[in-house]
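Trainee: Pasting a structure here, questions to come.
Rule-based calculations on the coordinates, nothing more; no lab input. Nothing here was measured: the structure is a model prediction, and the numbers come from that model. A quick note on method: Cβ atoms are made from the backbone with ideal geometry, for glycine too, and the neighbour counts reach across all protein chains shown.
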């Protein structure tokens with residue numbers, strides 16, 4: 001009597017990750033370990049170093065056998081390095097992780113499961129934002145609302161702009177299909193010096209809805225040498241210009257204040273359909289893990 005055949009596991013979606021880095025030796029090793037430590041079999045990982053002189057190259061060399069490609073050479077900045085890195089990849093799912101940030105354990109497996117379960121979903125980001133301190137300790141996990149195309153173009157995802165119910169799109173927790181990347185131009189706009197990630201989100205939104213995921217995927221590290229911390233005003237100014245160039249119209253102070261008050265008002269969310277018809281609420285799609293062990297898409301509402 002023959003024994004039953006062993007089931008052949010389904011092939012996992014291939015995932016391409018690029019890490020750009022320049023003189024980030026204190027953090028680079030942890031970033032690389034957070035990617036390689038996922039033990040994801042269909043991973044294509046590229047590290048693009050900008051010619052560091054602080055020991056970063058030695059850190060990269062220690063992991064070279066597990067990298068699809070790496071180089072240390074002068075580039076034209078972070079976004080140029082990311083473009084060059086992605087040009088050397090072929091994975092079905094794409095993302096980049098900056099050299100001072102980290103993925104959470106199991107993040108790539110969650111991402112693959114979601115994209116496999118929902119072919120209509122083209123890009124995702126977490127609605128649980130993790131913050132690492134300089135030591136690499138997780139010191140905060142902040143929930144946020146989902147994301148909506150119309151709200152994005154009204155300024156709901158501009159950091160520091162007085163958002164009224166949304167939140168910035170956490171770059172390190174954002175993943176997308178290569179097909180979306182290619183339809184949106186297949187490159188980061190390097191003429192946008194600081195906010196090229198935001199400019200990419202604007203192009204993605206012109207092609208597909210962004211789905212939130214109610215699981216933490218990655219964390220943003222806060223430290224003294226951080227570019228974002230020192231150039232936040234410039235980032236917001238560039239992102240605002242991106243919105244205007246794309247036809248967006250960020251809410252002014254009055255509109256922002258009204259929505260803040262509405263978001264805090266008790267009981268308003270009990271009649272979401274009415275508020276949607278009035279243009280006060282907008283439906284957004286969030287993917288969450290259900291009690292039966294499957295991922296499910298739910299509708300939530302964003303002011």
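Trainee: With a/c under 1.5 counting as rounded, go ahead and sort the stretch 49-101 into rounded, prolate or oblate using the C-alpha gyration tensor (a ≥ b ≥ c being the square roots of the eigenvalues; past the cut-off, prolate if a/b is larger than b/c, else oblate).
Mentor: Numbers: a/c = 1.77, a/b = 1.26, b/c = 1.41.
Verdict is oblate for the stretch 49-101.
Trainee: Expected output is a single nm value to one decimal: the length gained when fully extending between residue 131 and residue 249, i.e. 0.36 nm times separation in residues minus the C-alpha distance. What is it? Please list the in-between numbers first.
Mentor: Numbers: separation 118, 0.36 × 118 = 42.48 nm, distance 2.98 nm.
Gain in length upon complete extension: 39.5 nm.
Trainee: From the square roots a ≥ b ≥ c of the eigenvalues of the alpha-carbon gyration tensor of the stretch 12-100, which class results: rounded (a/c under 1.5), prolate (a/b over b/c), or oblate? It would help to have the intermediate numbers written out before the result.
Mentor: Details: a/c = 1.98, a/b = 1.33, b/c = 1.49.
Oblate.
Trainee: Shifting gears a bit: Run the numbers for residue 207 and residue 69: contour at 0.36 nm per residue of separation, minus the present Cα-Cα distance, in nm. Mind dumping the intermediate values first?
Mentor: On the way: separation 138, 0.36 × 138 = 49.68 nm, distance 3.01 nm.
So the extension gain works out to 46.7 nm.
Trainee: Order these peptides, 232-243, 104-115, 14-25, by their mean beta-carbon neighbour count within 10 angstrom, highest first. Mind dumping the intermediate values first?
Mentor: Numbers: 232-243: 17.5, 104-115: 19.5, 14-25: 22.3.
Highest-to-lowest ranking by the protection proxy: 14-25, 104-115, 232-243.
Trainee: Out of the DSSP beta bridges found with both residues in the stretch 46-178, what percent are antiparallel (nearest 5)? Spell out each step's value before the answer.
Mentor: Numbers: 10 of 14 bridges.
So the antiparallel bridges amount to about 70 percent of the total.
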